[in-house]
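The values are calculated or read from the model by the stated rules, or taken from the named source; none is laboratory data. Since the model is a prediction, treat every value here as computed from it, not as a measurement. Don't worry about glycine lacking a Cβ; one is built from the backbone with ideal geometry, like all the others, and counts go over all protein chains shown. We work out accessible area using only protein heavy atoms, side chains counted, and drop any ligands, DNA or RNA first. Shrake-Rupley method; radii C 1.70, N 1.55, O 1.52, S 1.80 Å.
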Amino acid sequence: MIDSFGRSIDYLRISVTDRCNLRCVYCMPPEGVEWMAHDEMLSYEETIRLCRLFAQTGVKKVRLTGGEPLARKGLPALVSGIHAIPGIESIALTTNGLLLREQLPALLEGGLSAVNVSLDTLDRDQYAAITRRDGLDETLAGLRAALAVPGLRVKLNCVPMGDNDVQLVPLAELARDADLSVRFIELMPIGLGGQLPRRTEAEVRAILERSFGPMVPCGDVIGAGPGHYFTVPGFRGRIGFISAMTHQFCDGCNRVRLTATGFLKTCLQYETGRDLRALLRSGAEDGTVLAAIEDAIRRKPAQHHFNESAGQSADETHNMNQIGG
Ligand code: SAM
Ligand code: SF4
């Protein structure tokens, strides 16, 4: 459907859990967080019911995220349930990759069409410093397994910070021989992300161009999101940027988010939205839930204000593991 600023909303990101097997410095405190109780999370049946209603509003693309989505049991069953919904054209997954290799066959059987693997560095010590765990081999194994699947769209997500500059070039080089989009995502001041040194798109681009020469903007539209892409001479894949801080893309925003607790979140920055779990569990009929979804989408805020002083009363105070990125 079209929101009140004329944007067509056809993309739903679903966080299926707040739990994670890593503790990335920009996302979770070292001691972890108190996990939500299992019955606070939407069941797969509830999630599939909501997806069917979202599809009726015009949502065509779904992404599963978290926390770590593969840490929730039986995710392939959710993928196949969503895949069966008329109108849903693609189901993607954002994962840290640790459990990807073993779960990939079942996910593909369920109808998964794309996967984004988050990996900030190829250096073992730096990986451990950023994620506070030792999982580089598993993440790389997951990435390689995904790249070996014909037709599966694969992207790599890196959040560059002040101290991993030297690793940006080796990461980008993964796109030399593989049909892979390596994307650099500007750190957003959400939760713990507000306290860390960030790198802008311009800074990262300058570092890459010193090694690879000028990058050429890519004409093709790739994926459903706000990334913009460049080709590099001699590379099979491409380099992308998602730059919420320096290239605000709210005008073209096509997405809403469903948290693991069933809260429909209509802008990443704000806590505004609608508690759909309460509605579902109150016994509301489909028509009532659908009307609530449409009403929330209509009220989607015009834009984020990350670059202005923080602390507006409706600002997001949760960490990214609870929102899903
Ligand atoms: N655990 C999965 C993963 O890491 O891919 C999915 C959830 S994670 C919250 C989704 C994405 O959000 C990851 O690519 C992560 O790097 C990114 N992310 C987390 N905190 C962020 C922040 N403050 N700013 C920008 N991206 C962030
Ligand atoms: Fe876990 Fe992803 Fe957050 Fe890292 S970014 S702690 S992998 S949810």
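Report the trypsin sites (Lys or Arg not before Pro) located in the range 87-140 that are in a DSSP loop and have at most 12 other Cβ atoms inside 10 Å of their Cβ, or state none.
Working: sites: R101, R124, R132, R133; in loops: R132, R133.
Filter output for the range 87-140: empty list.
Need one number: % antiparallel among DSSP beta bridges in the chain, to the nearest 5.
Details: 13 of 44 bridges.
The antiparallel fraction comes to roughly 30 percent.
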Give the lysines whose C-alpha is closer than 20 Å to that of K60, dropping any in the same chain fewer than 8 places away, or say none.
K155, K265, K300
Rounded to whole angstrom, the alpha-carbon centroid of the range 129-167 lies from that of the range 193-246 at a distance of 16 Å
Relative contact order of the chain (C-alpha contacts under 8 Å, at least 6 apart) in percent is 22 percent
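In percent, how large is the relative contact order of the range 150-292, given Cα pairs closer than 8 Å and 6 or more residues apart? Mind showing how you got there, number by number?
Values: 206 pairs, mean separation 28.6, N = 143.
This gives 20 percent for the range 150-292.
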Across E271, E186, E203, the residue with the highest GNM fluctuation in the chain (Cα network, 10 Å cutoff) is E203
For the chain, which whole-number percentage of the solvent-accessible area (1.4 Å probe, protein heavy atoms only) is attributable to carbon and sulfur atoms?
51 percent
Sparse-neighbourhood loop sites, GluC sites (Glu not before Pro) in the range 75-132 - DSSP loop, at most 15 other Cβ within 10 angstrom:
E89
Pulled fully out, how much extra length does the chain show between D179 and M1, if you take 0.36 nm times their separation in residues and subtract their Cα-Cα distance?
60.8 nm
Kindly point out, ordered by number, any Cys in the chain whose beta-carbon has no other cysteine beta-carbon under 4.7 Å away.
C20, C51, C158, C218, C250, C253, C267
Would you give the gap between the C-alpha center of the range 1-39 and the C-alpha center of the range 99-123, rounded to a whole Å?
18 Å
Quick one: which residues, 5+ away or cross-chain, put their amide H under 5 Å from the amide H of S118? H built at 1.01 Å from N.
T95, N96, G97, N157
Kindly report, to the nearest 10 Å², the accessible surface of S118 as traced by a 1.4 Å probe over protein heavy atoms only.
40 Å²
To the nearest Å², the heavy-atom accessible area per residue of the range 98-225 with 1.4 Å probe amounts to 44 Å²
Projected onto the charge dipole of the range 170-215 (+1 at Lys/Arg Cβ, -1 at Asp/Glu Cβ, origin at the Cα centre), which of G191, L174, P214 gives the Cα projection farthest towards the positive end?
G191
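Please tell me the relative contact order of the range 73-148 in percent, rounded to the nearest whole number, where contacts are Cα pairs under 8 Å and at least six residues apart. Could you put the intermediate results ahead of the total?
On the way: 97 pairs, mean separation 26.3, N = 76.
Worked out over the range 73-148, it gives 35 percent.
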Determine, from the Cβ-Cβ distance of V216 and D134 and an R0 of 56 Å, the FRET efficiency 1/(1 + (r/R0)^6), rounded to the nearest 0.05.
0.90
